[in-house]
Amino acid sequence: MNFLTGVFYMLSVILLFAGFRVVTTRNPVHAALFLVLAFFSAAGIWLTLEAEFLAIALVMVYVGAVMVLFLFVVMMLDINLDRLREGFWQYLPLAGFVSAMLALEMTVVLGSRTFGLSIVPSPQPHPAGYSNTRELGRLLYTDYVYPFELAAVILVVAIVAAIALTMRRRKNTRYQDPARQVKVKREQRVRMMQMPAEKPSSTKT
Amino acid sequence: MNFSVRDLMPMLPEIFLLAATCFILIFDLFLSDRRRHVTYLLTLAALLGCGWLSFATITGGAATYTMHGMFVDDLLSGTLKLVLYVTVAAVLVYSRQYLHKRGMFRGEFFALLLFATLGMMVMISASSFLTLYMGLELLSLSLYALVAMQRDSALAAEASMKYFILGALASGMLLYGMSMIYGATGTLDITQIGLLLQAGVGNSTVLAFGLVFIVAGIAFKLGVAPFHMWVPDVYQGAPTAVTLFIGTATKLAAFAFVIRLLAQGLVALAGDWQQMLVILSVLSMAIGNITAIAQTNLKRMLAYSTIAHMGFLLLGILAASMDGYSSAMFYVVAYVITGLGSFGMIMLLSRRGFEADRLEDLKGLNQRNPWYAFLMLLLMFSLAGVPPTIGFYAKLAVLQAVMNAGYTWLAVVAVMFSLIGAFYYLRIVKLMYFEAPVDTHDIRPALDMRVLMGVNGLAVLALGILPQALMSVCLYAVERSL
């Protein structure tokens, strides 16, 4: 067992533990933090597979952006934990049965007989100076440019749909007109007043 | 890999539609509500432009692959796209007045409709699992938003939510199945997969495992039993203009989807998926036709009728022959034409604040307006499969293909369920002709809608009397492309 295998097993154990805690912990903030740990360990496993760009993207996108948003939502919403846990024990046997069956089926089909090293050999290690990021970029903008552009269109649809579903123009809403704001003159905003100086009154009447 | 203009030529309609949609999306921002019809006209013009581009570049020759083999331009894709443009344009014309009266005549509606159309075009000419899935997601995301467009309606929100969750689940299943096939063959390219599977590559257990998930995903998307639960709720809850779109145009894309996946990619596994499709098809014909009898809502009834029709469509595909595929294509085109008319009629009879979507709203239509009653009669006859309408010939062609494939018992079952189904279509005819009207408002649709409804109703009759031209187009397109 060489060093990389040891690292893999260590990261896998942490990943499994974190994933298990995400589901079992009572506090949603803790669950979100355990999910961060799970993402981090997964990124580590990807690093051992020489996929350094994907590993960093996973950390940046999921840990940096998605999980922070998640934490915000968890903290801002007043979630009633007891209501969430209602019926947990009632559904547990069925859920356990379904998961066990799924796991069993997958081990039967996806075992080493069908996807073992003799059928899918492990890839050759890359020479020094090989850039994973560069290769990904090259593929994305040449061979896979069509699906890449389609993904961009899907994101545009998401933006249009989100705005179409949530924007409601109320009649009495006040809008700012930036052009008019820029064109404003001093005279329109500041009025110079001449007032006679007031003497402090020493006695109240 | 270098790109030249020649690589982009086959996908000219898609590029044009994307550019036009983005233009319409921006241009609409500068229009006041009073001049919103400019957006509507621009949308129609974009479809017309696509139609011209597709028609000008259509070739009867061999399939052209581009974009690293992910995009295919063959006769099947060209033909289906042309039918698609006509369908979407008809949806727009039917729904113009309806949208106006419900405050949905907005730029986003047209933009999302065009994005959904683009997604269907991508699906129709996909030649890789990746593009097939991307097109499907583009279509589905636009549809979820379109269903939820009527924000004040709780029914629409519920429908959209159900559609979204079940659709996401189906996409997950489909992707899982695709990943299994990828694991077994090592490629995502549909043509490659076809060749590799013919050569006997891949572990049969993994392939069967993947196939089950793919067929389940397809069944979800087509809305056939036992994966049909979303169909009635979405059809009823969505604004009728969107129901019209989901009920007609998307079926064309779904047909292309099934052909590309099963008939092109996994044709070597035909023995396996034929048995699965037999079960799906019999179940949907049974559940669709029997449950439709109990419905009092017209949109819900037509939803169950769709489930039954999709079961019939699968019959043609499970024959797994050129006859079968071309008859399935004829069936889907026939269903689209008839569906356009029947959902269009609901919008034609609706008015501001009133939705003519109950069966009793059709009572005595003959006394109110004999012409519309006659057109509705033709449409219902076509759905039921009564000669001489197009629906009869479509059913006949599918049954012939099934018989030739050696499934005589299946043809008998299909005919029995069609007979059961005829009951609820003919009940509408009875309501229209032999009952006194409940609703006595004048029916005053706009001129464009009146003309389209007339053309649509008569097309159902004319194509039923002279089906040979359309049938040979379908056969030719399928034979040159598969």
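If only one of A:VAL182, A:VAL108, A:VAL153 is open to solvent by 80 Å² or more (accessible area, probe 1.4 Å), within 11 Å of chain B (Cβ to nearest Cβ) and part of a helix (DSSP H, G or I), which one is it?
A:VAL108
Could you tell me whether the stretch B:172-181 includes any residue that is within 19 Å of B:PRO239 (Cβ to Cβ), away from chain A (no Cβ under 11 Å) and small (Gly, Ala, Ser)?
For the stretch B:172-181, residues within 19 Å of B:PRO239 (Cβ to Cβ), away from chain A (no Cβ under 11 Å) and small (Gly, Ala, Ser): absent.
Could you check how many residues of the stretch B:1-13 are part of a helix (DSSP H, G or I) and open to solvent by 70 Å² or more (accessible area, probe 1.4 Å)?
Qualifying residue count, the stretch B:1-13: 3.
Just wondering, is there one or more residues in the stretch A:131-138 that are under 30 Å from B:MET121 (Cβ atoms), at pLDDT 90 or above and at the interface with chain B (Cβ under 10 Å from one of its Cβ atoms)?
yes
Could you please find all residues in the stretch B:173-191 being out of contact with any Phe, Trp or Tyr (no Cβ under 6 Å at 6 or more places or on another chain) and in contact (Cβ under 8 Å) with a residue 40 or more places away in the chain?
Across the stretch B:173-191, the qualifying residues are B:LEU174, B:LEU175, B:ILE181, B:TYR182, B:ASP189, B:ILE190, B:THR191.
So is B:GLY51 small (Gly, Ala, Ser), over 15 Å from the mean Cα position of the chain (by Cα) and within 14 Å of chain A (Cβ to nearest Cβ) or not?
Answer is no for this residue.
Without any contact (Cβ under 8 Å) to a residue 12 or more places away in the chain and either at the interface with chain A (Cβ under 10 Å from one of its Cβ atoms) or farther than 27 Å from B:ARG34 by Cβ (or both), is that true of B:ILE165?
Considered against the rule, which asks whether it is without any contact (Cβ under 8 Å) to a residue 12 or more places away in the chain and either at the interface with chain A (Cβ under 10 Å from one of its Cβ atoms) or farther than 27 Å from B:ARG34 by Cβ (or both), B:ILE165 comes out as yes.
Restricting to the stretch B:145-172, name every residue that is part of a helix (DSSP H, G or I) and either open to solvent by less than 50 Å² (accessible area, probe 1.4 Å) or polar (S, T, N, Q) (or both).
If the condition is that a residue be part of a helix (DSSP H, G or I) and either open to solvent by less than 50 Å² (accessible area, probe 1.4 Å) or polar (S, T, N, Q) (or both), then B:ALA145, B:LEU146, B:VAL147, B:ALA156, B:ALA159, B:SER160, B:TYR163, B:LEU166, B:GLY167, B:ALA170, B:SER171, B:GLY172 are the ones that fit.
Checking A:LEU69 against (1) over 27 Å from the mean Cα position of the chain (by Cα); (2) under 27 Å from A:LEU47 (Cα atoms), which single condition isn't satisfied?
So A:LEU69 meets the others, but not (1).
Taking the stretch A:53-105 on its own, how many of its residues are open to solvent by 80 Å² or more (accessible area, probe 1.4 Å) and of a type in the set (A, V, I, L, M, F, W, C)?
Total meeting the criteria: 16.
Which pairs have Cβ atoms under 8 Å, sit 6 or more apart or on different chains, and link a residue in the stretch B:286-305 that is in a helix (DSSP H, G or I) to one that is charged (D, E, K, R)?
B:LEU298/B:ASP357; B:LEU298/B:ARG358; B:LEU298/B:ASP361; B:LYS299/B:ASP357
Among (1) outside any loop (DSSP other than H, G, I, E, B); (2) open to solvent by less than 60 Å² (accessible area, probe 1.4 Å); (3) within 30 Å of B:SER142 (Cβ to Cβ), where does A:ASP143 come up short?
Looking at each condition in turn, A:ASP143 falls short on (1).
So in the stretch B:187-216, with the set limited to residues that are of a type outside the set (A, V, I, L, M, F, W, C) and under 22 Å from A:THR107 (Cβ atoms), which one is most open to solvent (accessible area, probe 1.4 Å)?
Out of the qualifying residues, it is B:SER204.
Just give me the residues in the stretch B:14-36 being without any contact (Cβ under 8 Å) to a residue 24 or more places away in the chain and surrounded by 12 or more Cβ atoms within 10 Å (Cβ to Cβ), in sequence order.
B:ILE15, B:ALA19, B:CYS22, B:PHE23, B:PHE27
Please enumerate the residues belonging to the stretch B:116-136 that are in a helix (DSSP H, G or I), closer than 17 Å to B:ILE193 by Cα, open to solvent by less than 10 Å² (accessible area, probe 1.4 Å) and more than 7 Å from chain A (Cβ to nearest Cβ).
Within the stretch B:116-136, B:PHE129, B:LEU132 meet the criteria.
Restricting attention to the stretch B:244-263, does a residue exist that is within 23 Å of B:SER125 (Cα to Cα), among the basic types (Lys, Arg) and at pLDDT 90 or above?
Checked against the condition, which is being within 23 Å of B:SER125 (Cα to Cα), among the basic types (Lys, Arg) and at pLDDT 90 or above, the stretch B:244-263 yields at least one hit.
Check A:ILE119, A:ILE159 and return the single one that is within 30 Å of B:LEU188 (Cβ to Cβ) and either charged (D, E, K, R) or part of a helix (DSSP H, G or I) (or both).
Unique residue meeting the criteria: A:ILE159.
All but one of (1) more than 14 Å from every other protein chain (Cβ to nearest Cβ); (2) under 30 Å from A:LEU139 (Cα atoms); (3) within 22 Å of the chain's Cα centre (by Cα); (4) not β-branched (Val, Ile, Thr) hold for B:LEU18; which doesn't?
The number of the failed condition is (1).
Can you name the number of the only condition in (1) surrounded by 21 or more Cβ atoms within 10 Å (Cβ to Cβ); (2) among the small types (Gly, Ala, Ser); (3) on the phi < 0 side of the Ramachandran plot that B:ALA469 fails?
Unmet for B:ALA469, out of (1) surrounded by 21 or more Cβ atoms within 10 Å (Cβ to Cβ); (2) among the small types (Gly, Ala, Ser); (3) on the phi < 0 side of the Ramachandran plot: (1).
Which residue, of B:GLY265, B:GLY237, is within 20 Å of B:LEU155 (Cα to Cα), in contact (Cβ under 8 Å) with a residue 40 or more places away in the chain and touching a helix residue (DSSP H, G or I) at 6+ places or on another chain (Cβ under 9 Å)?
Testing whether each residue is within 20 Å of B:LEU155 (Cα to Cα), in contact (Cβ under 8 Å) with a residue 40 or more places away in the chain and touching a helix residue (DSSP H, G or I) at 6+ places or on another chain (Cβ under 9 Å) leaves just B:GLY237.
Quick one: B:ALA89 ticks every box in (1) open to solvent by less than 30 Å² (accessible area, probe 1.4 Å); (2) among the aliphatic types (A, V, I, L, M); (3) under 20 Å from A:GLU149 (Cβ atoms) except a single one, so which number is it?
Condition (3) is where B:ALA89 drops out.
Here's the yes/no breakdown for (1) buried (at least 22 other Cβ atoms within 10 Å of the Cβ); (2) of a type in the set (Ser, Thr, Tyr):
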{"residue": "B:ALA225", "(1), (2)": "yes, no"}
{"residue": "B:HIS228", "(1), (2)": "yes, no"}
{"residue": "B:GLY237", "(1), (2)": "yes, no"}
{"residue": "B:ILE246", "(1), (2)": "yes, no"}
{"residue": "B:GLN274", "(1), (2)": "no, no"}
{"residue": "B:ALA303", "(1), (2)": "yes, no"}
{"residue": "B:TYR325", "(1), (2)": "yes, yes"}
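Kindly list the number of the only condition in (1) within 13 Å of chain A (Cβ to nearest Cβ); (2) closer than 25 Å to B:SER472 by Cβ that fails for B:GLY107.
For B:GLY107, the exception is condition (2).
Condition first: more than 14 Å from chain A (Cβ to nearest Cβ) and not in a loop (DSSP other than H, G, I, E, B). Now tell me which residues in the stretch B:197-215 satisfy that.
Scanning the stretch B:197-215 gives B:LEU197, B:GLN198, B:ILE214, B:VAL215.
The values are calculated or read from the model by the stated rules, or taken from the named source; none is laboratory data. Keep in mind it's a predicted model, so treat the numbers as computed, not measured. Note: ideal-geometry Cβ built from the backbone for every residue, glycine included; neighbour counts use all protein chains shown. Surface areas here come from the heavy atoms of the whole protein model, side chains and all, with no ligands, DNA or RNA. Shrake-Rupley method; radii C 1.70, N 1.55, O 1.52, S 1.80 Å.
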